[in-house]
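The values are calculated or read from the model by the stated rules, or taken from the named source; none is laboratory data. Not measured: the values here are computed from a predicted model. Protein only, heavy atoms only, side chains kept; ligands, DNA and RNA dropped before computing areas. Shrake-Rupley method; radii C 1.70, N 1.55, O 1.52, S 1.80 Å.
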Amino acid sequence: MKKGKGRKKQTFHVSGRTFHGDRRPAIFLDRDGTLCREKHYIHRWEDWEWLPGVLPALKGFRRLGFELVV
């Protein structure tokens with residue numbers, strides 16, 4: 001987006017904190033052993049196995065306003 005007059009400044013509220021402008025809070029996640037069961041090398045979806053509780057946790061982070069980066 002272009003900066004200039006008339007551009008509305010974005011405000012994000014995350015866990016009791018306020019962020020202004022284009023900056024957003026983010027959580028950086030490792031994949032193997034954090035999101036999915038660690039295996040030799042996962043390159044096909046059928047080999048992917050989510051760890052218990054990961055999906056509800058990710059959804060909760062998003063509801064709180066965090067960007068997720070893997």
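Things worth noting here:
- Accessible carbon and sulfur surface of the chain relative to its total accessible area, %, 1.4 Å: 54
- Relative to the longest principal axis of the Cα atoms of the chain, helix 54-63 runs at roughly 0 degrees.
- Label corresponding to mean projected area of the Cα convex hull in nm² when calculated from the structure given, among [x] 6.6; [y] 4.4; [z] 5.0: [x]
- When nucleic acids and ligands are ignored and a 1.4 Å probe is applied, Phe19 ends up with an accessible area of around 50 Å².
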